[in-house]
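A.B. asks: Sharing a structure, written as structure tokens. Questions coming.
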Amino acid sequence: MDVFVLDSGVDRAHPEFAGRVMSIDDCSSVGAAPWTPYVDKFGHGTHVSGIIGSTSYGVTPNVNLHMVKVLNDKGSGTDATVICGFNKVDLWLKKNPTKKAILNVSMGYSNISTVINSVTTSLATTYARRLVVVVSAGNSNKNGCNVTFTSMNAVVAVGSTSATLLESSFSNYGSCVDILAPGENILSTYPTNSSTIMSGTSMAAPLVSGVLAQHWLQNSTLTGLAIRNSISSASSALHAPIVVKLKSGTPNKLIQYKCPFNDCV
């Protein structure tokens, strides 16, 4: 199973990845300084990748990880770098017509970029049979229907909760959020063979990406659309409401990441 991460790069040599970072691509040709090609100077991408697939902290440590660096050494990107990243994923899918992939996008916009929404929707719908796009809902404490990525129907938008099962104070909210996941004080990998704690919907999204990747591994005949639509089955909503305090419009769906589909092997 292949999982792509659009982010600030990754520490490929980190022992927690055990050689499972299969490729690193870079969008420095359209990026703004400071930018060290292929290298994660910011740490965000290494942390996100670790939540998905590191040995000690990862949800699914048996996946192949692919990083596309679209954020510079300060964690900033532009429409041009994000589009570059999507184009690189598109190229990989074209070159590997039988493979499936999860694409994790842990970054935020403060408003709606029609260009980015259009490119994201096009990629997700073109490859709906073998690609699932998972995005962070954003950390602006505003209605997610009013920001890029979360406002789109073709993605899985992930909000954040605390350890005490409150929707995080920073998390974007509303009906455009598809599911919630823990996003506060998350321990994961960090550059130079270390680990650190970070908080944000950026940490919640890769947890969901890892759960969906594991489900797809165990149900390889399902299409990407079926995997995306199955997200509700991996939430607490089937059992009993579990998030004790929600913001306006957010669905009461918290990802269950210990055998969420009852298909663990």
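The values are calculated or read from the model by the stated rules, or taken from the named source; none is laboratory data. Model, not experiment: these values are computed from the prediction. Because the Cβ atoms are built from the backbone with ideal geometry, glycine has one as well, and the counts that use them run over all protein chains shown. The protein model used for the area step is the full one, side chains on, heavy atoms only, and it has no ligands, DNA or RNA in it. Shrake-Rupley method; radii C 1.70, N 1.55, O 1.52, S 1.80 Å.
A.B. asks: At a Cα cut-off below 22 Å, give the lysines reachable from residue 94, other chains included and same-chain residues fewer than 8 away excluded.
C.D. replies: 69
A.B. asks: Please list 78, 223 from largest to smallest accessible area, probe radius 1.4 Å, with all protein chains kept in place.
C.D. replies: Correct descending sequence by accessible area is 78, 223.
A.B. asks: Ok, one more. Place a label point 7 angstrom from the Cα of residue 56 along the Cα-to-Cβ direction, then list the residues of the stretch 187-202 whose backbone nitrogen is under 20 Å away.
C.D. replies: In the stretch 187-202, the label zone of residue 56 (backbone N under 20 Å from the point 7 Å along Cα→Cβ) covers 187-199.
A.B. asks: How much accessible area does residue 12 have with a 1.4 Å probe, in Å² rounded to the nearest 10?
C.D. replies: 110
A.B. asks: Excluding ligands and nucleic acids, what accessible area in Å² is computed for residue 29 using a 1.4 Å probe, to the nearest 10?
C.D. replies: Roughly 110 Å² of residue 29 is accessible to a 1.4 Å probe.
A.B. asks: From largest accessible area down, sort 92, 216; use a 1.4 Å probe on the protein chains.
C.D. replies: Final ranking, largest accessible area leading: 92, 216.
A.B. asks: Related question: For semi-axes √(5λ) of the Cα gyration tensor in Å, which listed value, [x] 24, 20, 19; [y] 50, 37, 21; [z] 27, 21, 18, comes from the coordinates shown?
C.D. replies: Calculated semi-axes √(5λ) of the Cα gyration tensor in Å: the matching label is [x].
A.B. asks: Contour minus end-to-end for residue 169 and residue 153, with contour as 0.36 nm per residue of separation and end-to-end as the Cα-Cα distance?
C.D. replies: 3.4 nm
A.B. asks: Per the 1.4 Å probe, what fraction of the accessible area of the chain, in percent, lies on carbon and sulfur atoms?
C.D. replies: Accessible surface attributable to carbon and sulfur in the chain totals 52 percent.
A.B. asks: Quick one: if the Förster radius is 41 Å, what FRET efficiency do residue 95 and residue 252 give, using the C-beta to C-beta distance and rounding to 0.05?
C.D. replies: Values: r = 41 Å, r/R0 = 1.00.
Efficiency for this residue pair is about 0.50.
A.B. asks: Okay, next question. Straight-line reach from residue 247: which lysines have Cα under 24 Å away, leaving out those fewer than 8 places along the same chain?
C.D. replies: 142
A.B. asks: Using the per-residue mean of other Cβ atoms lying within 10 Å as a proxy for protection, in what order, highest first, do the peptides 58-70, 198-210 fall?
C.D. replies: Averaged packing, sorted descending, gives the order 198-210, 58-70.
A.B. asks: May I ask you to derive the FRET efficiency for residue 233 and residue 33 from their Cβ-Cβ distance with R0 = 45 Å, giving the value to the nearest 0.05?
C.D. replies: 0.50
A.B. asks: For a label point 7 angstrom out from the Cα of residue 18 toward its Cβ, which stretches of the stretch 52-89 have the backbone nitrogen within less than 13 Å?
C.D. replies: What the label zone holds, given the 13 Å backbone N cut-off, is 53-64.
A.B. asks: How long are the semi-axes of the equivalent ellipsoid of the stretch 1-114, defined as square roots of 5 times the Cα gyration tensor eigenvalues? Whole Å, largest first.
C.D. replies: Gyration-tensor ellipsoid for the stretch 1-114: 21, 17, 13 Å.
A.B. asks: Solvent-accessible area per residue for the stretch 57-203 at a 1.4 Å probe radius, Å²?
C.D. replies: 38
A.B. asks: Enumerate the residues in the stretch 162-184 having an amide nitrogen under 12 Å from the point lying 7 Å beyond the Cα of residue 244 toward its Cβ.
C.D. replies: Those under the cut-off are 162-167.
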